[in-house]
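Visitor: Got a structure for you, questions after.
The values are calculated or read from the model by the stated rules, or taken from the named source; none is laboratory data. Nothing here was measured: the structure is a model prediction, and the numbers come from that model. Methodologically, a virtual Cβ is constructed for each residue, glycine included, from the backbone with ideal geometry; neighbour enumeration extends over all protein chains shown. Just the protein is used for accessible areas: all its heavy atoms, side chains included, with ligands, DNA and RNA removed. Shrake-Rupley method; radii C 1.70, N 1.55, O 1.52, S 1.80 Å.
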Amino acid sequence: MTSNTPHTTQFEYLSCALHSGVGEMVLNRADKHNAFDEVMISEMIAALDGFASNDDCQVLVLKANGKNFSAGADLNWMRKQAKMDFEQNLADANALATLMHKLDKFPKPTVALVQGAAFGGALGLICASDIAIATTRASFCLSEVKLGLIPAVISPYVARTMGQRASRRYMLTAERFSAEQALKLDVVHEVSDDLEAAAEPIIAALLSNSPQGMAWVKTLLSRLEDGVIDANTLAYTSERIARIRVSNEGQEGLNAFFDKRKPDWKAI
């Protein structure tokens, strides 16, 4: 493993591990319902950077210890924010924005496993992940307006996931919604009371795929988020498929298919 792998880094509020290609970033502040503050945010950023730069990590799983995934913002952190001036608040918000962006643009597949409460910023983490699974008793809430605030930093990821119509309702009402409703809103892909068992076949499928192919899929979808299909879109998508066909992994995948064998991505 490389020296900046989270496996070798000590964190106060996170537990990180890497086994057989699967990295785990575990929120480990169960006594505070995994509420996050500036320390946890900086630790998650460092962990994401470490996993992203480690070639041994092919898939990243985000989960939490304890009863709840995350209650959102830590109360003591919010008290500090109330006493900050604008510039201090801006720097604080930029750190959270950096975290969400890094998770959203993480170059490998990400899977969020959600139990209990997932409130506020926690919903941002889930929506910035590629795949999410929740327990039947999980609950979700965008409660910011109850405090006179708005879910600004997480809004791009939540609105992209839920759509504008649903976002208007749940950001304005701050009402809780269930795992069943989260499934309907595309916030989660599956609901299961055995998160590890539900994630196992998904992780196995991801581990069997081309690392480069999956990274390029994420970049491709990010480029197409605006929904515009014009000459630039056609040129970009044509260039991408041509480029990956002649790449080492593209050649290995095609040759393995015609040779009726499993591709050896690690040999490339």
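Visitor: Once both axes come from the Cα atoms, what is the angle between helix 231-245 and the longest principal axis of the chain, in degrees from 0 to 90, rounded to 10?
Guide: With rounding to tens, the tilt is 60 degrees.
Visitor: Can you list the trypsin sites (Lys or Arg not before Pro) in segment 173-268 that are in a DSSP coil and have 10 or fewer other beta carbons within 10 angstrom?
Guide: When the trypsin sites (Lys or Arg not before Pro) of segment 173-268 are filtered for loop state and at most 10 Cβ neighbours within 10 Å, 260, 261 remain.
Visitor: Here's a follow-up. Taking all protein chains as present, what is the carbon and sulfur share of the accessible area of segment 37-83, in % to the nearest whole number, probe 1.4 Å?
Guide: Taking all protein chains in place, segment 37-83 shows 51 percent carbon and sulfur surface.
Visitor: Just to check, using Stokes-Einstein with a Kirkwood Rh over alpha carbon pairs, what's the diffusion coefficient of segment 1-122 at 4 °C and 1.567 mPa s in µm²/s?
Guide: Using the Kirkwood radius from Cα pairs, D works out to 88 µm²/s.
Visitor: Give the accessible surface of the chain per residue, rounded to a whole number of Å², with probe radius 1.4 Å and ligands, DNA and RNA excluded.
Guide: Value returned for the chain: 53 Å² of accessible area per residue.
Visitor: Ignoring ligands, DNA and RNA, please state the percent of accessible area on segment 126-253 from carbon and sulfur, probe 1.4 Å.
Guide: Roughly 55 percent, rounded to a whole number.
Visitor: Which of the GluC sites (Glu not before Pro) found in segment 7-41 are in a DSSP loop and have at most 10 neighbouring Cβ atoms, other than their own, within 10 Å?
Guide: Those satisfying the criteria are 12.
Visitor: Once the convex hull of the alpha carbons of segment 38-87 is built, what does its volume come to per residue, in cubic angstrom?
Guide: 104
Visitor: Taking every eigenvalue of the Cα gyration tensor of the chain, multiplying by 5 and rooting it, what semi-axes result, largest first, whole Å?
Guide: 33, 22, 19
Visitor: With a/c under 1.5 counting as rounded, go ahead and sort segment 165-259 into rounded, prolate or oblate using the C-alpha gyration tensor (a ≥ b ≥ c being the square roots of the eigenvalues; past the cut-off, prolate if a/b is larger than b/c, else oblate).
Guide: Taking the square roots of the gyration eigenvalues as a ≥ b ≥ c, segment 165-259 is oblate.
Visitor: Can you tell me how segment 65-110 classifies by the Cα gyration tensor, rounded, prolate or oblate, using a/c under 1.5 as the rounded cut?
Guide: oblate
Visitor: Starting from the Cα gyration tensor of segment 183-226, take the square roots of the eigenvalues, sort them a ≥ b ≥ c, and report rounded, prolate or oblate (rounded when a/c is under 1.5, otherwise prolate if a/b is larger than b/c, else oblate).
Guide: In terms of gyration-tensor shape, oblate.
Visitor: Then there's this: Show which lysines lie in cross-link reach of residue 67 when reach means a straight Cα distance below 21 angstrom and same-chain residues fewer than eight apart are skipped.
Guide: Output for residue 67: 32.
Visitor: Here's another thing I want to ask about it. For segment 225-268, which GluC sites (Glu not before Pro) are both in a DSSP coil and crowded by at most 13 other Cβ atoms within 10 Å?
Guide: In loop regions of segment 225-268 (DSSP not H, G, I, E or B), the sparsely surrounded GluC sites (Glu not before Pro) are 225.
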